[in-house]
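Take a look at the structure below.
The values are calculated or read from the model by the stated rules, or taken from the named source; none is laboratory data. A quick note: this is a predicted structure, and the numbers were derived from the prediction, not measured. Reconstructed Cβ throughout: ideal geometry from the backbone, glycine too, with neighbour counts over all protein chains shown.
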Amino acid sequence: MNMILQGWGAYVRLTQKLPGIAALIPFIPVVAIWTIVAASGLFPRAFFPGPMDVVNSFIALSYKGILPAYLQDSLIRLLNGAAIGIAIGVPMGILIGTSKMAHRISWPVLLFFQAIGDIAWLPILLIWFGFGLTTMTFVIVYTVVFPVILNTVLGVESVPRDLARAARSLGASRARVLWEVTIPGALPNIITGLRNGLGYGWRALIAVEMIVGTSGIGFMMFDARRAGSVVEILVGMIILGLLWYIVDAWILAPIERATGQRWGLVSS
């Protein structure tokens with residue numbers, strides 16, 4: 001029992017000092033099992049490559065320039081689509097959250113279109129725009145905008161009305177109340193919406209690249225399927241997971257925590 005407690009204490013200390021390295025520890029048994037199964041010959045190597053096969057494929061794709069180019073294409077598409085989705089979602093969320101009239105008019109429409117999955121738009125988008133960047137951007141924007149709007153509305157509605165009344169009684173204009181009371185109070189929820197929206201947008205991008213893309217990580221994985229290259233598919237899957245973990249755990253999550261600590265003290 002003491003050994004377990006000591007091991008747990010050492011793990012906690014390591015997590016606090018080196019969060020990036022400590023996060024890799026849970027993957028050690030996964031990689032170990034993967035290596036053992038691949039080396040056992042239970043499955044053909046072409047169908048179940050081992051970790052070193054994936055590493056070698058990663059090196060080869062990087063050396064040829066294929067992987068960096070495709071990854072760059074995917075990231076640019078995500079950033080462009082997410083920027084448009086955020087630019088639409090945050091103002092709409094603030095408007096819906098602050099205006100009862102806007103809420104009554106837009107809320108049923110918002111819920112209706114939220115229920116229609118992004119991939120469900122692909123057939124009609126292909127008719128309208130064809131196989132190109134416009135179709136992919138539309139899907140990303142559509143995926144990002146709803147979590148942003150809904151979380152922004154939630155954040156605005158969670159700000160106590162008494163704070164706005166107090167600011168108005170002290171002579172603040174409506175614009176100043178919005179800028180200095182409502183938006184700061186809603187900011188933790190807005191950041192949460194951005195984090196969720198980017199996560200959904202990343203998955204939607206990979207899916208749409210598989211269907212309509214001519215480059216990108218999703219296209220690389222789907223193209224590898226045609227060639228029967230399981231190892232390249234695994235390279236793409238691992239890159240997707242690692243990249244999103246880095247972005248979420250090292251960038252978005254700290255921003256969300258810092259925002260909550262700075263602005264998340266408002267309670268109803």
Log entry, pairs with first residue in the stretch 106-135 being closer than 26 Å to residue 91 by Cβ, second being assigned to a helix (DSSP H, G or I) and hydroxyl-bearing (Ser, Thr, Tyr), beta carbons closer than 6 Å, six or more apart or on different chains, reads 118/142; 118/143; 125/135; 129/135
Go through 156, 208, 181 for me and flag whichever is closer than 16 Å to residue 78 by Cβ and either surrounded by 19 or more Cβ atoms within 10 Å (Cβ to Cβ) or among the basic types (Lys, Arg) (or both). 208
Considering each residue of the stretch 25-63, count those that are hydroxyl-bearing (Ser, Thr, Tyr), under 30 Å from residue 215 (Cβ atoms) and surrounded by 13 or more Cβ atoms within 10 Å (Cβ to Cβ), and give that number. 2
Can you tell me which residue among 169, 215 is surrounded by fewer than 19 Cβ atoms within 10 Å (Cβ to Cβ) and in contact with a helix residue (DSSP H, G or I) (Cβ under 9 Å, 6 or more places away or on another chain)? 215
Just wondering, is there one or more residues in the stretch 189-203 that are on the phi > 0 side of the Ramachandran plot and not acidic (Asp, Glu)? no
So, in the stretch 86-131, exactly how many residues are among the charged types (D, E, K, R) and either surrounded by 16 or more Cβ atoms within 10 Å (Cβ to Cβ) or outside the structural domain of residue 186 (by TED's automatic domain parsing) (or both)? 1
Inspect the stretch 36-49 for any residue being among the hydroxyl-bearing types (Ser, Thr, Tyr) and under 30 Å from residue 184 (Cα atoms) and give the result as yes or no. no
